[in-house]
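Comments concern the structure below.
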Amino acid sequence: MRQISGSLKYRIRCHLNRGGVIVYPAESCFGIGGLPNKPKALRKILRIKKRPHHKGMIVVGGHVEQLQTLITFRQPEKWLVMQKKWQSTSITFLLPANKNKALPLLRGAGQNTIGVRVPSHRGLRNLC
């Protein structure tokens, strides 16, 4: 992935902060994403993907710490196992959601869990 100029990074950040969505490369296909705390972006993603609102979405992060606020999972020994898995492959873990931080559109209507993943794709980790 080539380096992105500072002005382009700024424009992308502004677009995402306004609830915009982007298309990005991932391990096996392109993804459609936005900021997990922007309902406008989440509604756009659901509409573009024609995904039912009752199904949740997967949140990707550049590192484990980015995902911790969205979940209530607090077992340090299992975090270590997950980190090791994420270093070698992209596995999505379904964990208890922090209802104060993980919006209903993100976790799915009536759901108490959220899918989280740290991708093995270096460019996507950097984007996060």
Seminar exercise, completed: With Cα springs under 10 Å, the Gaussian network model of the chain assigns the largest mean-square fluctuation among 39, 52, 76 to 76
Seminar exercise, completed: Within the under-13-Å Cβ sphere about residue 78, not counting residue 78, Lys/Arg +1 and Asp/Glu -1 give a net charge of +2
Exercise. So what is the calculated 222 nm ellipticity per residue for the chain, using -39500 (n - 2.57) for each DSSP H run with n of 4 or more, over all residues, to the nearest 500 deg cm²/dmol?
Worked result: -10500 deg cm²/dmol
Problem set entry | ³J(HN,Hα), Karplus 6.51/-1.76/1.60, whole Hz, each residue of segment 15-21, x for Gly, Pro | 4, 5, 5, 8, x, x, 10
For this session: Classify segment 1-52 as rounded, prolate or oblate from the Cα gyration tensor: take a ≥ b ≥ c as the square roots of its eigenvalues, call it rounded if a/c is under 1.5, otherwise prolate when a/b beats b/c and oblate if not.
Result: oblate
Problem set entry | Estimated vicinal HN-Hα couplings, Hz - segment 49-60 in sequence order (Karplus 6.51, -1.76, 1.60; Gly, Pro = x) | 7, 6, 9, x, 5, 6, 8, x, 10, 8, 9, 9
Exercise. Roughly what % antiparallel, to the nearest 5, for the DSSP beta bridges in segment 6-128?
Worked result: 75 percent
For this session: Output ³J(HN,Hα) for segment 95-105: one whole-Hz value per residue in order, computed from phi by the Karplus curve 6.51 cos²θ - 1.76 cosθ + 1.60 with θ = phi - 60°, and x for Gly and Pro.
Result: 10, x, 8, 7, 5, 7, 10, 8, 4, x, 5
Seminar exercise, completed: Taking 0.36 nm per residue of separation between residue 78 and residue 58 and subtracting their Cα-Cα distance, the length gained on full extension comes to 5.3 nm
Seminar exercise, completed: Amide H neighbours of residue 71 at under 5 Å, excluding residues fewer than 5 places away on the same chain, with H built from the backbone geometry, are 98
Exercise. Using a simple charge model, +1 on the beta-carbon of Lys and Arg, -1 on the beta-carbon of Asp and Glu, nothing else, what dipole does segment 3-93 show about its Cα centre, in debye to the nearest 20?
Worked result: 560 debye
Exercise. Within a Cβ distance under 9 Å of residue 119, other residues only, what is the Lys/Arg minus Asp/Glu net charge?
Worked result: +2
For this session: Using amide H atoms built 1.01 Å from N in the peptide plane, name the residues 5+ places from residue 114, or on other chains, whose amide H lies under 5 Å from its own.
Result: 95, 97
Exercise. At a 1.4 Å probe radius, carbon and sulfur cover how many percent of the accessible area of the chain?
Worked result: 54 percent
For this session: Quick one: net charge around residue 98, please, counting Lys, Arg +1 and Asp, Glu -1 for every other residue with C-beta under 13 Å from its C-beta.
Result: +4
Seminar exercise, completed: For segment 32-128, using Cα atoms only, the Rg and Dmax in Å read 13.1, 38
Seminar exercise, completed: Result for the chain: accessible area per residue, probe 1.4 angstrom, in square angstrom, of 64 Å²
Exercise. What residues qualify as long-range amide H neighbours of residue 91, i.e. H under 5 Å apart, gap of 5 or more or another chain, H built at 1.01 Å from N?
Worked result: 118
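The values are calculated or read from the model by the stated rules, or taken from the named source; none is laboratory data. Because the structure is predicted, anything quoted here is derived from the model rather than measured. Because the Cβ atoms are built from the backbone with ideal geometry, glycine has one as well, and the counts that use them run over all protein chains shown. With ligands, DNA and RNA removed, areas are computed over all heavy atoms of the protein, side chains included. Shrake-Rupley method; radii C 1.70, N 1.55, O 1.52, S 1.80 Å.
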